[in-house]
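Here the structure is laid out as structure tokens; the discussion comes afterwards.
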Amino acid sequence: MISTIHSFGIHGIRGYRTDVETYIVRGIPEFDVIGLGDASVKESKRRVIAALKNQGYEIPSGRITVNLAPSNVKKEGTSFDLAVAVGLLLASGVYREEDIAPYVFIGELSLDGSVRGVHGIMAMILEGRRCGFVNYIVSKENAVEGALIQDVHVYGVENLRQIHNVLAGQMTQVCNPSIISEENKESNLCFSQVHGQNYAKRALEIAAIGGHHVLMMGMAGVGKTMLAKRFPTILPPLTREEIYEVAAIRSACGMTLSPSILSGIRPYREIRSDITKAGLIGGRVPILPGELSLAHEGVLFWDEMAESDRMVLDALRIPLETGEVRLSRGGTAEIYPARFQFIGATNPCRCGRQLEGDGACKCTPREIQRYFSKISRPLLERMDIQIPVRSISAEKATSTEYEIAETSREIRTRVIALRSMQQERYIKENITTNHQLTRNMMDKYCPITSSGKRLLLSSMKNLGLSMRSYEKIVQIARTVGDLNQHTVIQEEDIAEAVSYRRSDFIYSQTDSLEVCI
């Protein structure tokens with residue numbers, strides 16, 4: 001008799017369908033698992049036999065062949081154990097085919113017959129939903145995570161015996177956990193907690209509206225990290241589909257999905273200067289995502305960038321442009337999503353006091369340029385907004401009379417409204433933010449007044465701007481114009497956009513760096 005059980009595996013962060021076909025014929029007892037499985041797949045026969053015996057089931061006699069179809073796709077992991085066991089029970093007459101057919105089985109078996117969770121359950125069920133499957137029997141520990149997905153029924157079992165309860169209608173599906181994606185749940189972090197730094201707050205609001213990347217330069221302790229940690233609180237909340245994508249990546253890595261993600265708050269990943277290239281972009285065998293993909297649909301904050309390895313820093317360049325990471329390891333190629341907003345922080349010089357204007361910095365222009373050499377010019381040009389963050393005066397820092405600062409909720413309200421306006425504006429272009437504008441689109445969506453054009457051209461000439469810098473300035477000016485409610489980009493919008501390009505000053509006027517920066 002031949003039986004077919006539906007199951008799913010995972011490659012990287014993508015689920016793939018696998019049909020577990022079981023064939024039993026008379027002959028010398030033998031158990032073969034075929035279908036291009038790795039070592040953990042081939043070992044499943046021993047786990048399945050032990051699990052069935054310890055749950056009181058008889059092992060079918062004869063030659064057993066289990067095929068994992070399609071046979072030309074490499075199978076990895078232990079997620080097929082449950083389907084293999086159910087296939088044997090179906091082939092031996094314990095279950096009827098019409099009872100089993102509507103279900104997908106995903107899970108690892110212990111030797112005592114209990115069902116263990118596996119990594120990547122979100123990605124597998126998302127792929128299953130795309131293939132048209134509705135009902136899933138998984139381990140109890142995976143059930144709540146899988147039930148996040150709408151329009152599917154997920155049943156969590158602790159052992160093989162409980163499968164009968166599901167088929168008999170004696171076990172209800174796991175309820176869908178609450179996902180609050182319409183409005184961010186309030187965080188204990190808020191922009192109103194940052195004393196002063198109005199210039200930096202303005203720049204970060206513009207970055208949030210237009211989806212721009214940011215580089216902050218300033219001495220240690222001026223508030224760069226404080227600002228970066230509060231940046232997700234002014235971003236639009238995750239949509240339900242974005243929550244699925246974020247959850248699938250974390251599930252593949254074996255990470256627990258945090259309540260903040262379910263409440264719509266975007267991911268925030270913070271990395272330091274000692275990170276390796278594999279830690280940043282991903283690696284190992286099997287290939288797992290790195291920090292770039294873990295920050296997908298959220299924020300990636302890199303502190304002390306000028307102290308980092310240049311080769312690791314340059315690994316950022318392509319993902320910042322394409323929104324994805326391409327990896328190839330051991331003959332396997334993977335493409336991971338990596339659409340995030342980048343916020344970098346660095347000292348302006350070795351001592352850090354270059355921007356303070358107190359005369360304490362003795363670094364020469366050549367020493368400053370050497371310090372920044374770790375951050376290549378092509379990478380700096382991809383940092384749309386580059387701003388100085390200076391320390392506030394001692395009098396203001398110790399004052400008990402705090403200024404009335406805007407809260408994250410107030411800023412986020414403007415960000416959400418202007419993001420919606422951009423989506424409507426670019427509905428025919430398949431983009432959603434000003435940061436994604438191409439050169440051809442700028443001619444259509446970025447009209448500039450004659451005075452604004454003159455200022456832009458003189459800035460290009462005086463600063464020696466590249467075409468990439470020109471495009472960045474126009475993108476930022478479009479966002480500034482949106483915030484200022486200007487349909488046509490004005491001269492003041494161009495002026496503010498140019499003021500956010502600090503690295504252009506660094507590279508174009510090195511000899512007079514102290515004056516320009």
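Condition first: within 20 Å of E97 (Cβ to Cβ) and of a type in the set (A, V, I, L, M). Now tell me which residues in region 141-177 satisfy that.
V157, L160, I163, V166, L167, A168, listed by residue number.
Look through D38, D32 and report the one residue that is more than 25 Å from N135 (Cα to Cα), touching a Ser or Thr at 6+ places or on another chain (Cβ under 8 Å) and charged (D, E, K, R).
Checking each option against the conditions leaves just D32.
Given (1) under 37 Å from the mean Cα position of the chain (by Cα); (2) crowded, with 23+ Cβ neighbours inside 10 Å, where does A51 come up short, assuming only one miss?
Here A51 clears every test but (1).
When you go through N434, N430, N462 one by one, which is the residue that is in contact with a Lys or Arg (Cβ under 9 Å, 6 or more places away or on another chain) and of a type in the set (S, T, N, Q)?
So the residue among N434, N430, N462 that is in contact with a Lys or Arg (Cβ under 9 Å, 6 or more places away or on another chain) and of a type in the set (S, T, N, Q) is N434.
Considering only residues that are over 23 Å from S263 (Cα atoms) and in contact with a Ser or Thr (Cβ under 6 Å, 6 or more places away or on another chain), which ones fall in region 218-237?
V222
Identify the residue in region 310-320 that is of a type outside the set (A, V, I, L, M, F, W, C) and exposed (fewer than 15 other Cβ atoms within 10 Å of the Cβ) and, among all such residues, is farthest from V246 (Cα to Cα).
R310
Determine whether D99 is of a type in the set (D, E), within 22 Å of Y23 (Cα to Cα) and surrounded by fewer than 15 Cβ atoms within 10 Å (Cβ to Cβ).
In short, yes.
For region 433-446, which residues satisfy the criterion of being surrounded by fewer than 16 Cβ atoms within 10 Å (Cβ to Cβ) and either in a loop (DSSP other than H, G, I, E, B) or in the same structural domain as T322 (by TED's automatic domain parsing) (or both)?
Matches in region 433-446: T438 only.
Please work out which residue is nearest to the chain's Cα centre (by Cα), limiting yourself to region 331-345 and to residues that are aliphatic (A, V, I, L, M) and under 26 Å from L380 (Cβ atoms).
Taking the candidates together, the pick is A338.
Against the conditions (1) in contact with a strand residue (DSSP E or B) (Cβ under 9 Å, 6 or more places away or on another chain); (2) assigned by TED's automatic domain parsing to the domain that holds Q386; (3) polar (S, T, N, Q), where does N198 fall short? Just the number, please.
(1)
Each row is one residue, and each column tells you yes or no for (1) surrounded by fewer than 21 Cβ atoms within 10 Å (Cβ to Cβ); (2) touching a residue at least 60 places away in the same chain (Cβ under 8 Å); (3) in a helix (DSSP H, G or I).
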position: I249; (1), (2), (3): no, yes, yes
position: L257; (1), (2), (3): yes, yes, no
position: S260; (1), (2), (3): yes, yes, yes
position: I265; (1), (2), (3): no, yes, no
position: L280; (1), (2), (3): no, no, yes
position: S293; (1), (2), (3): no, yes, yes
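Condition first: within 19 Å of V48 (Cβ to Cβ) and in contact (Cβ under 8 Å) with a residue 60 or more places away in the chain. Now tell me which residues in region 128-163 satisfy that.
Selection gives N159, L160, R161, I163.
Take T65 and tell me if it is of a type in the set (S, T, N, Q) and within 39 Å of the chain's Cα centre (by Cα).
Considered against the rule, which asks whether it is of a type in the set (S, T, N, Q) and within 39 Å of the chain's Cα centre (by Cα), T65 comes out as no.
How about region 1-16: which of its residues are under 21 Å from T332 (Cβ atoms) and not hydrophobic (A, V, I, L, M, F, W, C)?
Passing the criteria: S7, G9, H11, G12, R14, G15, Y16.
Among R468, R419, R454, which is in the same structural domain as G196 (by TED's automatic domain parsing) and either touching a residue at least 12 places away in the same chain (Cβ under 8 Å) or out of contact with any Leu (no Cβ under 6 Å at 6 or more places or on another chain) (or both)?
On inspection, the qualifying residue turns out to be R419.
The values are calculated or read from the model by the stated rules, or taken from the named source; none is laboratory data. Everything quoted here is computed from the prediction, not taken from an experiment. Neighbour counts run over all protein chains shown; Cβ positions are idealised from the backbone, glycine included.
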